[in-house]
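Below: one structure, written as structure tokens.
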Amino acid sequence: MTPRVVELIERKRDGGRLTSDEIDALVQGYTTGDVPDYQMSAFCMAVVWRGMDAKETAALTAAMVRSGERLDLSRFGRVVDKHSTGGVGDKTTIVVAPLVAACGVPVAKMSGRGLGFSGGTLDKLESIKGYRVDLTTAEFVAQLERIGIVVTGQTADLAPADGKIYALRDTTGTVPAIPLIASSVMSKKIAAGARAVVLDVKVGRGAFMKDLTSARALAKTMVAIGVAHGLAVTCELTDMEQPLGRAVGNSLEIAEAIATLRGEGPADLVELTRLAGAEMLRRGGRARDRKGALARIDRALEDGSGLAKLRELVAAQGGDVGMVDDPSRLPRAPRVETLRAARTAYVARIAADEIGIASVRLGAGREKKGDPIDHRTGIVLRAKVGDQVERGEPYVDIHVAGRPEDADAIALVHRAFGWSPRRVPRRRLVLGRIASRPAA
Ligand code: URA
């Protein structure tokens, strides 16, 4: 006989273990509405404090996959997916997915919206007029078949338990727990039918994982879950102390992604794109080694085939390709405020979380689920950590829409920068890698 839900909560609260059947009953009960929100939130809080072992985490993931449909994309070969645990200025998907698809590896990606200070790929893509992020499962599969790339929102039938539990965690202070994050990310990847997944676990003040030790623990947990479900998984651990690239804010990030596909991207975004793209090619079985994979990604950057693939993606999903051809047509804020250096100095810090919060205040992000956003606003960093800025020179542009919160946001951006009179080393972007074996 299955114990009552309250007994499961109490056992976890007291540091005990749940069986796979118990976890499955809890998750299916919550999906159907038999288990109420207050019990699931109490359970999540117990997990935040007590954790879950590997077996429980695997059972939780499997239960979330079982709560909905699981796509079978095997007829397309080795479909690869990529996912970032979220950060500030992270537009990598918009660059890397077309590059990898242009190299012949099918990319099927279900992305999310921004929440709190992290941006979301769907919000960024919606800066392009008409771009649809609500494809049905049938449309998702048909587009993958036709052009080998699809980037849309999660369909309601895939891992619905995750959608429901994530919304609950977001409002009950129960997001930061490794078993909950790992099962949430991996259940969606497994349900969406990918055979291989390249994960970018962000580390630092602009990420869920503030230090390398917890990032490694999350990465190991996700790799183990993937392997148990027959997926090849690579986790790159990358820096999120400062924002990625220069642009933060939806239209601004799309423009930067397009510039990168034209070979004019900022160094850190190009580095991450090459790294993730090459790994996706290897995991997709299109390159035998890293060197060959990197050469193919570089070719797709140089010959314009990556950019052509982005155009194809935008057209297929109803977007205005004219905005890809001419990014000055993307929505633009009415005014740009520029901050200038008070004295000649090196940039020592750009606090990613503060820049992210400032972008939310400007209207580029949302405080709570469902809030509207302004695609035009955001921040462009003219200098990054390690750069020297001369007295009186501009170091950041703030694209404002004339909201009452603008002054507050500008003050936050000002505070996010730290300065040093002495030379400061550039930050290392790639901090580590944890991966399943090639044969997985
Ligand atoms: N991203 C997810 O999809 N789920 C989490 O729990 C955290 C980040």
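Some notes on this structure:
- Rolling a 1.4 Å probe over the protein heavy atoms of the range 254-345, with every protein chain left in place, gives an accessible area that is 45 percent carbon and sulfur.
- Rounded to whole numbers, the Karplus 3J(HN,Hα) couplings from phi for the range 169-186 are 4, 4, 9, 10, x, 10, 6, x, 9, 4, x, 6, 5, 4, 5, 5, 5, 6 Hz, using 6.51 cos²θ - 1.76 cosθ + 1.60 with θ = phi - 60°, and x at Gly and Pro.
- Sorted peptide list for 308-315, 7-14, criterion being average Cβ within 10 angstrom, highest first: 308-315, 7-14
- Directionally averaged projected area (convex hull, Cα atoms, the range 5-51), nm²: 2.8
- Per-peptide average of other Cβ atoms within 10 Å, ordering 344-352, 327-335 highest first: 344-352, 327-335
- Ordering of 162-174, 28-40 by packing [mean C-beta count within 10 Å, highest first]: 162-174, 28-40
- The amide H of Ala207, built 1.01 Å from its N in the peptide plane, has no neighbour under 5 Å, considering only residues 5 or more places off or on other chains.
- Under 15 Å from Lys291, Cα to Cα: aspartates and glutamates that are on another chain or at least 8 residues apart: Glu271, Glu279
- Within straight-line cross-link reach of Lys55, lysines at Cα separation under 24 Å, skipping those fewer than 8 residues along the same chain: Lys12, Lys164, Lys188, Lys189, Lys220
- Amide H contacts of Asp374: Ala364, Gly365, each under 5 Å away and 5 or more positions distant or on a separate chain (H built 1.01 Å from N in the peptide plane; Pro and chain starts excluded).
- Net charge, Arg246 excluded, C-beta distance under 13 Å - Lys, Arg +1, Asp, Glu -1: -4
- Theoretical FRET efficiency, 1/(1+(r/R0)^6), r = Cβ-Cβ of Ala228 and Arg205, R0 30 Å, to 0.05: 0.40
- Averaged per residue, the chain has 41 square angstrom of accessible surface, using a 1.4 angstrom probe with ligands and nucleic acids left out.
- Karplus-derived 3J(HN,Hα) values for the range 233-249, using 6.51 cos²θ - 1.76 cosθ + 1.60 with θ = phi - 60°, are 10, 10, 10, 8, 9, 10, 5, 9, 7, 10, x, 7, x, 10, 9, 10, x Hz; glycine and proline are entered as x.
- Cα-based reach from Lys384 at 16 Å (exclusive), listing lysines while leaving out same-chain residues under 8 positions away: none
- Long-range HN-HN contacts of Gly245 with modeled amide H, under 5 Å: Asp268, Leu269
- q = 0.08, 0.20, 0.21 Å⁻¹: log10 I(q)/I(0) that the Debye formula gives for the range 198-357, counting C-alpha atoms only: -0.31, -1.37, -1.38
- What a 1.4 Å probe finds exposed on the range 1-124 is 51% carbon and sulfur by accessible area, rounded to a whole percent.
The values are calculated or read from the model by the stated rules, or taken from the named source; none is laboratory data. Because the structure is a prediction, the values reported are computed rather than measured. Positions of Cβ are backbone-derived with ideal geometry, glycine not excepted, and every protein chain shown enters the neighbour counts. Each accessible area value is taken on the protein alone, full model and side chains, heavy atoms only, with ligands, DNA and RNA left out. Shrake-Rupley method; radii C 1.70, N 1.55, O 1.52, S 1.80 Å.
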